[in-house]
Amino acid sequence: MCGRPVFSNKSPYCLRCSHFNRRMKDSGIHGKAAKRIRAYVRRYGFICFYTKMPLNLTDPRSRWYCVFDHWKPGDGRKVVITSSLFNEMKSDLSENELWYYVLQLYNYKKNHIKIKQKKHFIYWDRIVPPSLPKTSKKIFRKCCICSQAVYRPNARYCLRCSEFGFRMKNKLLPRQTVQAIWDYIRKYGYVCYYTKVPLDLENHQSPWYCVFNHRVPRDKSTVVITCYLFNEMKSDLTDREFWYYIGQLARYRLTGTKIRKRM
């Protein structure tokens with residue numbers, strides 16, 4: 001595959017490529033898909049299929065660690081190699097959908113151009129969690145968050161805000177964080193913290209469904225609301241890291257400028 005000396009007289013591979021082939025086998029990649037990956041590595045080396053960045057094959061904790069990505073989500077016929085970071089950002093998007101939203105985010109951050117949402121996603125699919133029962137009663141007392149009618153006489157919230165508060169309770173968010181989120185919603189409504197895109201609170205399968213995101217990964221005091229799509233793209237990056245790589249990816253897509261890694 002790479003032209004290095006084999007690690008055993010009986011092996012066709014060097015030690016690095018031997019480990020790589022074992023990973024393909026363990027990941028369930030066989031037949032033509034594995035053959036195409038080997039041909040790609042022979043021609044280009046261990047570099048990302050999407051961004052042509054050199055990949056790390058030794059440190060699984062690295063953002064640049066070489067992983068396998070289904071070019072069409074869920075379709076094992078075409079599997080490519082990419083970095084762990086890019087694989088997380090791509091999620092269940094097609095390649096065209098990913099580049100579309102990278103450029104949309106770049107234009108929003110740089111030029112404050114409103115993000116245009118695509119109505120249809122080819123492969124996006126999410127499990128629908130249970131929700132609170134709906135009521136048909138007409139009640140005129142207002143919700144303390146959004147001023148809509150509360151869903152029962154003694155309630156503080158409308159049905160939408162009640163469900164949202166129930167979700168925050170299940171996430172075990174600190175009281176101060178919950179209060180900060182409510183304050184944000186009172187001021188701006190249910191819009192994404194990062195992009196100001198309106199959020200969906202009904203369709204759990206929508207890419208625009210309202211979810212919680214840690215601005216600083218794993219720090220519950222920094223939780224904000226965003227859409228499912230951008231939450232997946234942000235992955236375990238901080239705010240600055242996320243926007244940095246959006247800019248780098250957009251420049252690569254537009255001008256072919258080599259992506260600079262941020263340590």
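The values are calculated or read from the model by the stated rules, or taken from the named source; none is laboratory data. This one's a predicted model, so the numbers in the text were calculated from it and none came from an experiment. For neighbour counting, all protein chains shown are included, and Cβ atoms are generated from backbone atoms with ideal geometry for every residue, glycine included. Please note that ligands, DNA and RNA were not included when accessible areas were found on the heavy atoms of the full protein model with its side chains. Shrake-Rupley method; radii C 1.70, N 1.55, O 1.52, S 1.80 Å.
Tell me the helices (runs of 4 or more DSSP H) entirely within segment 166-259 that contain at least 1 residues that are within 28 Å of Ser147 (Cβ to Cβ).
175-188, 228-234
Are there any pairs with C-beta distances below 8 angstrom linking a residue in segment 27-52 that is more than 30 Å from Gly247 (Cα to Cα) to a residue that is among the charged types (D, E, K, R) and surrounded by 12 or more Cβ atoms within 10 Å (Cβ to Cβ), with the two at least 6 apart or on different chains, and if so which?
Cβ pairs passing all conditions: Ala33/Lys78; Arg36/Lys78.
Looking at segment 164-176, I want the residues that are free of Cβ contacts under 8 Å to residues at least 40 places away in the same chain and have a partner that is open to solvent by less than 100 Å² (accessible area, probe 1.4 Å) with Cβ atoms under 7 Å, at least 6 apart or on another chain. Which pairs are those?
Filtered contacts from segment 164-176: Gly165/Tyr157; Phe166/Leu132.
May I ask you to list the residues in segment 1-20 that are over 27 Å from the mean Cα position of the chain (by Cα) and crowded, with 17+ Cβ neighbours inside 10 Å?
Passing the criteria: Met1, Tyr13, Cys14, Cys17.
Looking only at segment 76-98, count how many residues are closer than 20 Å to Leu229 by Cβ and either part of a loop (DSSP other than H, G, I, E, B) or among the small types (Gly, Ala, Ser) (or both).
Qualifying residue count for the region: 6.
Regarding segment 53-61, can at least one residue be identified that is polar (S, T, N, Q) and either part of a loop (DSSP other than H, G, I, E, B) or in contact with a strand residue (DSSP E or B) (Cβ under 6 Å, 6 or more places away or on another chain) (or both)?
Yes, segment 53-61 has at least one match.
Can you pull out every residue in segment 169-193 that is aliphatic (A, V, I, L, M) and open to solvent by 20 Å² or more (accessible area, probe 1.4 Å)?
Leu172, Leu173, Val178, Ala180, Val191, listed by residue number.
Of all residues in segment 90-114, count the ones that are more than 16 Å from Lys52 (Cβ to Cβ), buried (at least 18 other Cβ atoms within 10 Å of the Cβ) and hydrophobic (A, V, I, L, M, F, W, C).
The total comes to 2.
Looking at (1) modelled with pLDDT of 85 or more; (2) aliphatic (A, V, I, L, M); (3) open to solvent by 80 Å² or more (accessible area, probe 1.4 Å), which one does Ile145 not meet, given that it meets all the others?
Among (1) modelled with pLDDT of 85 or more; (2) aliphatic (A, V, I, L, M); (3) open to solvent by 80 Å² or more (accessible area, probe 1.4 Å), Ile145 violates only (3).
Answer yes if at least one residue in segment 24-42 is under 19 Å from Gln248 (Cα atoms) and touching a Phe, Trp or Tyr at 6+ places or on another chain (Cβ under 9 Å), and no otherwise.
No - not one qualifying residue is present in segment 24-42.
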